[in-house]
Ligand SMILES: Cc1cc2nc3c(=O)[nH]c(=O)nc-3n(C[C@H](O)[C@H](O)[C@H](O)COP(=O)(O)OP(=O)(O)OC[C@H]3O[C@@H](n4cnc5c(N)ncnc54)[C@H](O)[C@@H]3O)c2cc1C
């Protein structure tokens, strides 16, 4: 039987796997990506796809600047026939308590020091930018006009399509079942459709990366956390940025097709990767968001679903080589990872190619957990 042989095998067909495949193929690597179901079937296709410059740590802010730059020209750059819908409608993080207001103000100053054009808004300015929002109880907000929305499906398909045009193999409905290990080094993958030998393996398996690490003999400190969201019928487009409320973690945005997307941090949701939804969420999210934006009261809900966050102890990703040589990690994105597809796909290709990454990502190294050198991301829920 002939042996399949590539330079790099990628596990996972979310935005990170597909972007990594594209960036590696651009460098001339022979790549094979394996997705056990369909592309975007994991966190990527279930997320709110909010994109933002607003983060609270330097590495995330610098990577975020690159992400937004890519989204702006992605339709032309990747040449996919369906738009990624980049919509800079803005993104608002709203404070309800003094400590939250102070945190947002500090973060705005920090983001400005790195060149991101975020600003702090008074309640009157919130009303001006989001006229339908009930500002009762709001003390202020951080805001960035360049932030907003893209379509997570078309972004991922655009990367996969561009990677395939450059010669990458994209294997859908092909679960990876184990690692090929030679002399203690990752040397390929076992899949349901045969074995692929490879010089390097990149793990982009989201919340399921924990299983892959176990095959390599180490543990990843990633806990899955189920999060639910819903989408409404389309209504007329209104002046409305994405809004996230720090009092209860509720958020909503209007997509370019007029639908509203709503989420809420439900403390009762289980820590698992099951795709389960319930009435409790539907009732809570709609009651809370209607109170914050009364205009929503008459809009009908079309669909509700859930997806897993892959949470690490400091809510920061794990990026870089793993304890097993040849096995690279890109996981643990803790609920804000979709938007990092462009920048971290590039970083992964640079790491595999033994280049210095364009942004220093050493803070995301796996060994920080053993070294007790965590770096908390304050700008996430
Ligand atoms: C409700 C919700 C809202 C969110 N909102 C946002 C947001 O507004 N902005 C943002 O940036 N992020 C958001 N996120 C987070 C975002 O979805 C994730 O961080 C991001 O999609 C992770 O992408 P990924 O490619 O690393 O993983 P995933 O998209 O999860 O992809 C991993 C893939 O690996 C596959 N896989 C697993 N095991 C195997 C195997 N053994 N063999 C082959 N394939 C395998 C899975 O099927 C899956 O498709 C949200 C997440 C949720 C759940």
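We did not get these values from a lab; they are worked out from the coordinates using the rules stated. It should be emphasised that the depicted structure is a prediction, and the values quoted were computed from it without experimental measurement. As a convention, Cβ positions derive from the backbone with ideal geometry for all residues, glycine included, and neighbour counts pool all protein chains shown.
Report, to the nearest 10°, how far helix 152-165 tilts away from the longest principal axis of the Cα atoms in the chain, using its own Cα long axis and a range of 0 to 90°. Orientation of helix 152-165: about 30 degrees from the principal axis. Taking the 0 to 90 degree range and rounding to the nearest ten, how far is the long axis of helix 58-78 tilted relative to the main principal axis of the chain, both from C-alpha atoms? Compared with the principal axis, the helix lies near 80 degrees. What residue among 149, 132, 280 shows peak mean-square fluctuation when the chain is described by a Gaussian network model with Cα springs under 10 Å? Judging by the Gaussian network model, the answer is 280.
At an R0 of 35 angstrom, the distance between the Cβ atoms of residue 219 and residue 119 translates into a FRET efficiency of 0.25. For the chain, the longest principal axis of the Cα atoms and the long axis of helix 15-26 meet at an angle of about 50 degrees.
Among 345, 194, 178, which one shows the biggest mean-square fluctuation in a GNM of the chain, springs joining Cα atoms closer than 10 Å? Of 345, 194, 178, the most mobile in the Gaussian network model is 194. Under a Gaussian network description of the chain, with springs only between Cα atoms under 10 Å, the residue in 236, 146, 35 that fluctuates furthest is 236.
Which ordering of 96, 91, 366 is given by a fewest-first count of other beta-carbon atoms within 10 Å?
Least crowded to most crowded, the residues run 96, 366, 91.
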